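Accompanying notes for the structure given below.
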Amino acid sequence: MRFHFLFFLFSTSFSSAQVVDNFTDGDFTSNPAWTGDAPEFTVNASQQLQLNNTLAGASYLSVQNAITSLNNTEWRFYIKQSFAPSSSNYGRVYLVSDQTNLEASLNGYYLQFGEAGSLDAVELFRQSGLTSTSVARGTNAQIAASFAVGIKVTRDASGNWNLYMDATGGTAYVLEASGTDNTYANTKYFGIATVYTASNATKFYFADFYVGPIIVDTKAPSIFSSSVISSTQVDVLFDENVDLTTSQLLNNYSADNGLENPTAVTRDAGNFSLVHLTFANSFVSEFTYTLTVSNVQDFSNNAVVSASITFSYYRIKPLDIVINEILFDPKTGGVDFVEIYNRSQKAIDLKTITISQYDTINNVLMSISNISANSYFIYPQEHLVLSENQFAIKSQYHTTNPNGFLDIGNLPSMNISGGTVCLAAGTTIIDLFKYYPDMHFALLNDTKGISLERVNFDRSTQDRTNWHSAAESVGFATPAYKNSQYSSTKETDNTIEIKPEIFSPDEDGINDIVNINYQLDAPGSIANITIYDSKGLGVKSLVRNQLLGTSGTFSWDGINEEREKSRIGIYIIYMEVIDLSGNIKQYKKTCILGGKI
């Protein structure tokens, strides 16, 4: 994470008294001009100053510093070393030097990033000639492995030094260490120095340098976002770190519509810009609340006067999330997976959802697994694949959504001979799918490694005609993206509508099934659907005594009662609808089963 706004803000007003370079111009030889081992550095595509050598060695660059006095001076920069530091591989940033050559004897101050005996802490040293003395030392093991950090150092007029760091590489600095040293009060040069083996000769990165007057923070924190964690908990994220004491005062937070002040407030232990609130009363589902925050301060004692943000709690309901695709007979080296789809209009925290098998005799959940131990949101119209090894799936199937995967510790087993997959919130079933191997396209010789796809997520999960084998054209599965057999259910003014009129069940993913859409005036009717060939011979009893809603869809994949592919030709779809009064209406529609001759 990189931030440039600070440097643009100050580049005009202090340009004559500071060093500012974020390398957005793609150059380090002018404005300002860095000198030293220039051929061994480059500005990369990410606008970072990068070491660019091929052999082991030591390289440095320095720049003349327009400021002369160290009183009330601040240094900021970004540094990345994509390797574990050692006595042969480490970096230095010289805050102060009286010499342009940073590899020679000099007087000044530098920050050390790794070396023998450092215990992997960032440390500030004074250098006198060739002798170094520690001034302030950060936390051990902060840079034990590859790292990218944001650094800020300040020095006041009395020689008091403060070292701050953001371990994520940003500008949310946290005080790491302090020390006092007033040996040198003036400066001429600022720069970087690197020592490296050949394997790390391109793995040092620097950016966003600022050297100048201490930047005084006068901006109060503001609310960045809110996240509902449970029916009584909401998190508030500020745009900067907030003070521990003021951020945990109950009276500094208040919500309307009966919530009032929270009963518990805790600033996050790892993220000082995040605060957790707990209220006594439960939130009402799908109701919007306004949270007001006041008097919360940042680390510079700037306080929020009054700021508000709204939040809503949504209780998950059945079929908000549906089972959209399953693989229960994976290829060799592959794994089972279940793809879920959020068909609701709300973000749903999967921390509250389990996946399991379901005992259809005793009506209880079995082999229950939490989808996520921590908050993990699935957003509206988002696909998410659940498995025990997403990399195994990605190695065997194409996906257009590589981020749509979540590994869970123990995906309930799915038997090849058939079984159940259930999503639940507590004891409330969100979706339940009873699958059977004969739901696959009947003409497939082998279904190993082929997923079952839901035709439409608005149709019934247990409607057998709502499931079909994934198309061969997509590699027999569509993990984390739109199903190859997906067909939208569109309402029509006609009672019965056939879409498409010509279909070709050849597993190419294009019109592999024909959909029979119906639209009725009232619910409660019973339907029977039979498919006849052009000679009037019945080839498939598709639906028998099926209870209908006011609208819906049935699908035919071209397979007849003998589980063979029907011949190319014209077919008649005969639908009989019996309403609650016993009245019978009959409908006849035609479709064409096409294919290669």
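The values are calculated or read from the model by the stated rules, or taken from the named source; none is laboratory data. The structure presented is a predicted model; accordingly, all values stated were derived computationally and were not measured. No Cβ is skipped: glycine too gets one built from the backbone with ideal geometry, and neighbour counts run over all protein chains shown. Note: accessible area is taken over every heavy atom of the protein model, side chains too, but ligands, DNA and RNA are not part of it. Shrake-Rupley method; radii C 1.70, N 1.55, O 1.52, S 1.80 Å.
Close contacts from region 177-202, counting a first residue that is open to solvent by less than 50 Å² (accessible area, probe 1.4 Å) and a second that is modelled with pLDDT of 95 or more and of a type in the set (D, E, K, R), with Cβ to Cβ under 6 Å and a gap of 6+ residues or different chains, come to 181/126; 193/92. Kindly indicate whether any position in region 514-522 is charged (D, E, K, R) and within 18 Å of residue 439 (Cα to Cα). Checking region 514-522: not a single residue is charged (D, E, K, R) and within 18 Å of residue 439 (Cα to Cα).
Only strands (runs of 3 or more DSSP E) whose full extent lies in region 551-597 are considered here, and the ones with at least 1 residues that are within 22 Å of residue 454 (Cα to Cα) and small (Gly, Ala, Ser) are 551-556. Residues of region 136-154 that are at pLDDT 95 or above and among the charged types (D, E, K, R): 152 alone. Residue pairs whose Cβ atoms lie under 6 Å apart, sitting 6 or more positions apart in sequence or on different chains, and linking a residue in region 280-293 that is of a type in the set (A, V, I, L, M, F, W, C) to a partner that is in a loop (DSSP other than H, G, I, E, B), are 280/263; 283/231; 293/304. Scanning region 419-443 for residues that are closer than 23 Å to residue 475 by Cα, touching a strand residue (DSSP E or B) at 6+ places or on another chain (Cβ under 6 Å) and either without any contact (Cβ under 8 Å) to a residue 60 or more places away in the chain or surrounded by fewer than 16 Cβ atoms within 10 Å (Cβ to Cβ) (or both) turns up 439, 440, 443. Would you check if there is a residue in region 335-357 being more than 30 Å from residue 383 (Cα to Cα), open to solvent by less than 40 Å² (accessible area, probe 1.4 Å) and polar (S, T, N, Q)? No, every residue in region 335-357 fails to be more than 30 Å from residue 383 (Cα to Cα), open to solvent by less than 40 Å² (accessible area, probe 1.4 Å) and polar (S, T, N, Q). The strands (runs of 3 or more DSSP E) found wholly in region 507-548 and carrying at least 3 residues that are out of contact with any Pro (no Cβ under 9 Å at 6 or more places or on another chain) and more than 30 Å from residue 475 (Cβ to Cβ) occupy 526-533, 538-547. For residues that are open to solvent by 30 Å² or more (accessible area, probe 1.4 Å) and in contact with a Pro (Cβ under 9 Å, 6 or more places away or on another chain), tally how many sit in region 277-309. Going through region 277-309 one residue at a time, the tally reaches 4.
Only a single criterion out of (1) surrounded by 15 or more Cβ atoms within 10 Å (Cβ to Cβ); (2) not in a strand (DSSP E or B) is not satisfied by residue 165, namely (2). Going by the conditions given, is residue 231 within 30 Å of residue 261 (Cα to Cα), of a type in the set (S, T, N, Q) and part of a loop (DSSP other than H, G, I, E, B)? Against the criterion (within 30 Å of residue 261 (Cα to Cα), of a type in the set (S, T, N, Q) and part of a loop (DSSP other than H, G, I, E, B)), residue 231 qualifies.
If the condition is being among the small types (Gly, Ala, Ser) and in contact (Cβ under 8 Å) with a residue 24 or more places away in the chain, then region 61-112 contributes 62, 66, 69, 82, 84, 86, 87, 88, 91, 97, 105, 108.
Any residue at all in region 548-560 that's open to solvent by less than 50 Å² (accessible area, probe 1.4 Å), within 17 Å of residue 439 (Cβ to Cβ), aromatic (Phe, Trp, Tyr) and touching a strand residue (DSSP E or B) at 6+ places or on another chain (Cβ under 6 Å)? Yes, there is a match, as at least one residue in region 548-560 is open to solvent by less than 50 Å² (accessible area, probe 1.4 Å), within 17 Å of residue 439 (Cβ to Cβ), aromatic (Phe, Trp, Tyr) and touching a strand residue (DSSP E or B) at 6+ places or on another chain (Cβ under 6 Å). Of all residues in region 390-409, those that are more than 22 Å from residue 368 (Cα to Cα), among the aromatic types (Phe, Trp, Tyr) and crowded, with 16+ Cβ neighbours inside 10 Å total 1.
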